[in-house]
Amino acid sequence: MTIRKDDALNNIVADFETLSNIVLEQLDQIEHVITAGDIVVPDDVLKKIRQNENDIDKKEVKLSDKIVNTIVLYQPVASELRRIIACYRIVLSLERIGDLVVNISNFIEKIKTPEVYSRLQEVLSNMTILSIKMVRKSLLSFINDDKEFAIWTIKNDVVFDEINHKLLKKMLAKADTAESSKHLLMSIITIKEMMSNIERIADHATNIAEAAIYSIEGKDIRHHKIDK
């Protein structure tokens, strides 16, 4: 039983790392597009993003089934069960991050006023880079049982909110100009939706970090302030 349980746990870890790497690849793809400042996503990038999204969905279902089966069949001890549950929570966040990347790529294609995007692109890039860094560190916090990375991720939510507020102020200032038009307003709305999706990636990074702390310490810190 012990050998089979260990094999099952190792299989979960292997599949989790595969899923994590695919999601990180998705994030790298969208980061390159946003930091380049283009409003056209290259066909090869779109193809890769969609292919990865299909893989993410399949692996999320497969991994979720493995987690449930391992709990039912092998009755893991408390520390193992805690880690498996944390893993399940993270898998759900990873699948949603994959969805958000697809959404962002679609929003970029809808922008009709390049000059507006150009003015906001630096802040959007900063948001994207920070959100991806948060995802990477939160995953490392779980994989390496590193509480400090988890704390860093959670506390950077405040920094992220400040960047978000800065971008929103720029957008509102642009909307108040006399040159406002249908295309301009539609672009602003689209960029706002794009910004919201980037923000949600950061939110999921925080969820992953909270799951990592649950795995490490057995404490559920959701909806609570964290002290270092």
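The values are calculated or read from the model by the stated rules, or taken from the named source; none is laboratory data. Source: prediction; values computed, not measured. Note: ideal-geometry Cβ built from the backbone for every residue, glycine included; neighbour counts use all protein chains shown. Quick note on the areas: whole protein, heavy atoms, side chains included, nothing else; ligands and nucleic acids left out. Shrake-Rupley method; radii C 1.70, N 1.55, O 1.52, S 1.80 Å.
For this structure, a couple of remarks:
- Residue-averaged 222 nm ellipticity for the chain, from DSSP H runs of 4+ at -39500 (n - 2.57), nearest 500: -31000 deg cm²/dmol
- Mean Cα-pair separation over length for the chain, i.e. relative contact order, pairs under 8 Å, 6 or more apart, %: 27 percent
- For ARG119, the accessible surface of its heavy atoms amounts to roughly 140 Å² (probe 1.4 Å, protein chains only, rounded to the nearest 10).
- Pairs of Lys residues in region 22-84, spaced 8 or more positions apart or belonging to different chains, with C-alpha separations under 18 angstrom: 4 in total.
- Within the chain, helices built from complete DSSP H runs that reach 20 Å or longer along their own axis (Cα positions) and carry a mean Kyte-Doolittle hydropathy of 0.0 or higher are 2-36, 78-110, 114-143, 182-217.
- Estimated translational diffusion coefficient (Stokes-Einstein, Kirkwood radius over Cα pairs, 10 °C, 1.306 mPa s) of the chain: 85 µm² per second.
- Surface composition of the chain: carbon and sulfur atoms hold 52% of the protein heavy-atom accessible area at a 1.4 Å probe.
- Relative contact order computed over region 20-122 (Cα-Cα under 8 Å; 6+ residues apart), in percent: 50 percent
- Modelled spin labels at ARG222 and ARG119, positioned 7 Å past Cα toward Cβ, are 4.0 nm from each other.
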